[in-house]
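What follows is a single structure, written as structure tokens, with notes after it.
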Amino acid sequence: MDESGAHMGDLLVGGFIMLGAALVMVLLFRRFGIGAVLGYLIAGILIGPQGLGLISEGETILEFSEIGIILLLFLVGLELAPARLMRLRRAIFGLGLSQVAVCGIALFLLIMANTNFSLGASIALGLPLALSSTAQVLPMLQSSGRLNTPSGESAFSILLFQDLSIIPLLTIVAVLSRAPPTQDSLPGWLTAILGVLAIVGLILAGRYLLQPLLKLIGRIAERELFIVAGLVAVFGSAALMEVIGLSPALGAFVAGVMLANSPYRHELEADIDPFRSLLLGLFFLAVGMLLDLNVIRENTAFVFGAAIALVATKTLVIFALGKLFGMQTMPALSMGLLLSQGGEFGFVLFAEAEQAMLIQPEASSLFGAVITVSMATTPLLMLLVQRFNAASAASNVELNDPSQADSASVLVVGHGRFGQTVSQMFAGANVAVTIIDIKPQQIDVSQQFGRKVFYGDGTRVDLLRSAGAEKCAAIVFCIDDRQFDSATIDVISSAFPDVKIFVRAFDRVHLLDIKKSKISGAKREVFESAIHLAKQAMVAIDLDEVLIDEVDREYRQLDCDRLEAQREANDMFAGRHLGFGLSGGKRESD
């Protein structure tokens with residue numbers, strides 16, 4: 001076998017080992033509710049040079065996988081239209097600046113007071129520790145649905161300012177440098193000016209070049225070209241910032257913002273997100289591989305003590321700043337714990353400090369281990385926060401016990417996107433409503449928008465009774481749960497025979513099941529919206545309104561007949577000829 005064939009074989013074997021280890025460990029950690037990040041870190045430690053020694057190219061993998069952070073910031077930018085970004089400017093430049101400055105100073109003083117490092121070394125080590133892990137925090141916010149909440153936006157604003165602060169921090173390292181200056185390095189003020197010009201240029205390019213290009217691709221209807229165009233925008237913006245000396249992730253974020261109002265935003269998001277997920281997983285694998293276990297073994301007390309001090313200091317400072325900026329106690333504490341770890345850019349700044357002869361390689365490895373250990377604590381801390389929130393919600397009688405609710409005509413169980421609409425419709429009709437939800441996180445978000453939601457499992461008869469279900473005219477179950485079946489409904493309807501029960505059905509199978517029970521109404525969660533969207537499209541292509549109304553009426557009737565046939569036969573395939581475009585269901589033309 002020639003050299004290229006052997007290299008390809010090594011590459012394939014390495015990919016199999018990395019992805020296989022990640023698959024096993026992430027599944028295991030997900031099974032225990034700990035989260036994927038810690039699974040990737042442990043997998044990296046196991047297969048890395050300090051573990052089983054199966055993979056040795058940790059630094060190469062880390063450099064490549066940092067593209068995942070770039071793609072992550074691009075996707076976040078897609079969610080933030082310029083108008084919304086302007087709305088967050090106080091949080092970005094107020095809360096974000098305060099966090100970086102106060103945490104950096106506190107950690108610098110902590111290092112000065114407890115170590116023998118010089119003033120310059122303490123600054124070079126303390127300030128980078130103020131940064132948090134964008135690669136770890138943003139996916140957690142996205143997966144939990146908290147990114148667009150007030151507390152999520154505050155956390156994101158801090159992360160965004162941290163990315164902006166990398167250049168000032170690099171400038172501080174350069175000013176303190178003991179190494180001879182290089183001819184190709186740019187002064188900080190010139191880098192800042194070039195950065196502003198680059199951002200303006202990217203915005204203009206997005207409006208006058210990229211938007212027309214996406215419209216052209218939309219006419220051609222080639223899906224892979226959307227992927228190519230999106231990646232060109234991301235890598236081009238990131239490369240421009242890298243050349244200037246700014247964070248490439250910042251360039252990708254700007255590229256996302258300039259496409260946030262594009263009609264093709266969702267297409268780009270769907271196409272690029274799989275690349276982001278895979279590369280971020282590789283990033284944390286590489287961080288685990290590069291963890292120097294010998295440093296931890298030789299300095300166990302210091303590494304774990306410093307990691308605990310780092311997490312505690314940042315938590316307290318960010319919590320205090322959150323309260324100062326008007327956040328409630330639990331959201332502020334959750335934000336503090338969420339941002340308490342060290343960040344990936346700490347490794348970059350430590351490397352720069354090492355080249356500037358401010359710290360020795362041993363110190364860089366030591367504090368790199370501190371950052372990695374602090375990253376490993378975040379999933380565990382957030383798990384504790386979730387459990388504490390649940391316990392707090394269940395025990396807070398004054399606010400969250402449904403027995404304390406005022407008398408109401410309607411009980412709404414579930415306050416997600418479906419239940420919010422239902423409860424607001426009743427409120428608009430001046431009907432008193434009691435809302436119950438089992439997710440403390442959803443209750444927290446609802447409270448931030450001024451909605452009073454009580455904690456509890458609204459499928460339990462005893463809780464419904466304590467909430468006053470016997471005196472209600474109706475109970476509307478808006479929960480997204482296929483396990484809420486006819487057997488459960490029968491128990492509730494027997495307990496409250498005079499109360500009308502309405503149920504949100506997950507899909508057709510769920511609807512057929514709950515229709516066996518004594519209910520007053522049920523609706524599939526996407527049925528009406530799909531019909532209305534189809535009618536809007538028919539109007540847009542100039543179909544006759546009479547024809548549209550006839551199709552609407554006939555489709556509803558066919559669907560009703562099909563449901564009845566399926567119910568009677570207890571068979572999903574019964575009545576399958578009833579439907580437009582199906583055998584026997586074709587509509588006759590006039």
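The values are calculated or read from the model by the stated rules, or taken from the named source; none is laboratory data. Predicted model only: the values in this text are computed from it and were never measured. No Cβ is skipped: glycine too gets one built from the backbone with ideal geometry, and neighbour counts run over all protein chains shown. Just the protein is used for accessible areas: all its heavy atoms, side chains included, with ligands, DNA and RNA removed. Shrake-Rupley method; radii C 1.70, N 1.55, O 1.52, S 1.80 Å.
Quickly run through the stretch 14-51 and pick out the residues that are surrounded by fewer than 15 Cβ atoms within 10 Å (Cβ to Cβ) and at pLDDT 80 or above. Lay out the reasoning, then the answer.
Step one: list which residues in the stretch 14-51 are surrounded by fewer than 15 Cβ atoms within 10 Å (Cβ to Cβ), which gives 15-16, 20, 23-24, 27-28, 30-33.
Passing the criteria: Phe16, Gly20, Leu23, Val24, Leu27, Leu28.
Starting from residues that are of a type in the set (A, V, I, L, M) and more than 30 Å from the chain's Cα centre (by Cα), keep the ones in the stretch 335-373 and report whichever is surrounded by the fewest Cβ atoms within 10 Å (Cβ to Cβ). Even if it seems obvious, please write down each step before you answer.
Pass one, the stretch 335-373, residues of a type in the set (A, V, I, L, M): 335, 337-339, 348-349, 351, 353, 356-359, 363, 366, 369-371, 373.
Right, trim to more than 30 Å from the chain's Cα centre (by Cα) and you get 353, 356-359, 363, 366.
Working: Ala353: 28, Ala356: 18, Met357: 14, Leu358: 25, Ile359: 24, Ala363: 18, Leu366: 21.
If we take residues in the stretch 335-373 being of a type in the set (A, V, I, L, M) and more than 30 Å from the chain's Cα centre (by Cα), then Met357 is surrounded by the fewest Cβ atoms within 10 Å (Cβ to Cβ).
How many of the residues making up the stretch 481-520 are farther than 21 Å from Leu563 by Cα and either among the hydrophobic types (A, V, I, L, M, F, W, C) or touching an Asp or Glu at 6+ places or on another chain (Cβ under 9 Å) (or both)?
Of the stretch 481-520, the ones farther than 21 Å from Leu563 by Cα are 488, 491-500.
Applying the additional criterion that residues be either among the hydrophobic types (A, V, I, L, M, F, W, C) or touching an Asp or Glu at 6+ places or on another chain (Cβ under 9 Å) (or both) yields 491-492, 495-496, 498-499.
Total satisfying the criteria: 6.
Scan the stretch 233-243 residue by residue and report those that are within 15 Å of Leu78 (Cα to Cα) and of a type in the set (Val, Ile, Thr).
Val234
Might you check whether a residue that is open to solvent by less than 10 Å² (accessible area, probe 1.4 Å), modelled with pLDDT of 85 or more and not small (Gly, Ala, Ser) occurs anywhere in the stretch 288-301? Can you show your working first?
So in the stretch 288-301, the residues open to solvent by less than 10 Å² (accessible area, probe 1.4 Å) come out as 288-289.
So of that shortlist, the ones also modelled with pLDDT of 85 or more come out as none.
Checked against the condition, which is being open to solvent by less than 10 Å² (accessible area, probe 1.4 Å), modelled with pLDDT of 85 or more and not small (Gly, Ala, Ser), the stretch 288-301 yields no hits at all.
Residues of the stretch 503-532 being open to solvent by 40 Å² or more (accessible area, probe 1.4 Å) and among the aromatic types (Phe, Trp, Tyr), which ones?
Residue satisfying the conditions is Phe506 alone.
Can you tell me which residues in the stretch 76-89 are open to solvent by 20 Å² or more (accessible area, probe 1.4 Å), closer than 16 Å to Gly152 by Cβ and modelled with pLDDT of 70 or more?
Scanning the stretch 76-89 gives Leu85, Arg87.
For the stretch 282-311, how many residues are assigned to a helix (DSSP H, G or I) and either β-branched (Val, Ile, Thr) or closer than 17 Å to Thr115 by Cβ (or both)?
Total satisfying the criteria: 16.
Quickly run through the stretch 405-419 and pick out the residues that are open to solvent by 40 Å² or more (accessible area, probe 1.4 Å) and either in contact (Cβ under 8 Å) with a residue 12 or more places away in the chain or in a strand (DSSP E or B) (or both). Walk me through how you get there before you give the answer.
The initial filter retains those residues of the stretch 405-419 that are open to solvent by 40 Å² or more (accessible area, probe 1.4 Å), namely 406-407, 409, 417-418.
Scanning the stretch 405-419 gives Asp406, Ser407, Ser409, Phe418.
Can you list residue pairs whose Cβ atoms sit under 6 Å apart, with the first residue in the stretch 93-119 being buried (at least 17 other Cβ atoms within 10 Å of the Cβ) and the second being among the basic types (Lys, Arg)? Count only pairs 6 or more apart in sequence or on different chains.
The qualifying pairs are Cys103/Lys314.
Collect the residues in the stretch 488-501 that are closer than 19 Å to Gly414 by Cα and small (Gly, Ala, Ser), keeping them in residue-number order.
Ser493
I need the full set of residues from the stretch 66-75 which are open to solvent by 30 Å² or more (accessible area, probe 1.4 Å) and either among the β-branched types (Val, Ile, Thr) or modelled with pLDDT of 75 or more (or both), in order please. Explain how you work it out, then say what you get.
Applying the first criterion (open to solvent by 30 Å² or more (accessible area, probe 1.4 Å)) to the stretch 66-75 yields 66-67.
Matches in the stretch 66-75: Ile67 only.
So which of Ser466, Ser446 is of a type in the set (S, T, N, Q) and surrounded by 18 or more Cβ atoms within 10 Å (Cβ to Cβ)? Give the steps one after another, and end with the answer.
Values: Ser466 fails: surrounded by 18 or more Cβ atoms within 10 Å (Cβ to Cβ).
Result: Ser446 is the single residue among Ser466, Ser446 that is of a type in the set (S, T, N, Q) and surrounded by 18 or more Cβ atoms within 10 Å (Cβ to Cβ).
Residue under question is Ala522, and the condition is that it be within 29 Å of Ala432 (Cβ to Cβ) and without any contact (Cβ under 8 Å) to a residue 24 or more places away in the chain; does it hold?
yes
Which numbered condition in (1) under 19 Å from Ser154 (Cβ atoms); (2) within 24 Å of the chain's Cα centre (by Cα) is the only one that Leu324 fails?
Leu324 satisfies every listed condition except (2).
Pairs please, first residue from the stretch 356-379 and without any contact (Cβ under 8 Å) to a residue 12 or more places away in the chain and of a type outside the set (Phe, Trp, Tyr), second anywhere and part of a helix (DSSP H, G or I) and open to solvent by 30 Å² or more (accessible area, probe 1.4 Å), Cβ atoms under 9 Å, 6+ apart in sequence or on different chains.
As it stands, the answer is Gln360/Glu354; Pro361/Glu354, since those pairs meet every condition given.
Answer yes if at least one residue in the stretch 247-262 is hydroxyl-bearing (Ser, Thr, Tyr) and open to solvent by less than 20 Å² (accessible area, probe 1.4 Å), and no otherwise.
So in the stretch 247-262, the residues hydroxyl-bearing (Ser, Thr, Tyr) come out as 247, 262.
After this cut, where a residue has to be open to solvent by less than 20 Å² (accessible area, probe 1.4 Å) as well, the list is 247, 262.
Scanning the stretch 247-262, I find at least one residue that is hydroxyl-bearing (Ser, Thr, Tyr) and open to solvent by less than 20 Å² (accessible area, probe 1.4 Å), so the answer is yes.
Can you tell me which residue within the stretch 480-502, out of those that are of a type in the set (A, V, I, L, M) and open to solvent by 10 Å² or more (accessible area, probe 1.4 Å), is farthest from Ile436 (Cα to Cα)? Spell out how you get there, then give the answer.
If we filter the stretch 480-502 for residues that are of a type in the set (A, V, I, L, M), which is where we start, we get 487, 489, 491-492, 495, 499, 501.
Retained after the next criterion (residues that are open to solvent by 10 Å² or more (accessible area, probe 1.4 Å)): 487, 491, 495, 499.
On the way: Ala487: 21, Val491: 19, Ala495: 18, Val499: 17 Å.
My answer is Ala487.
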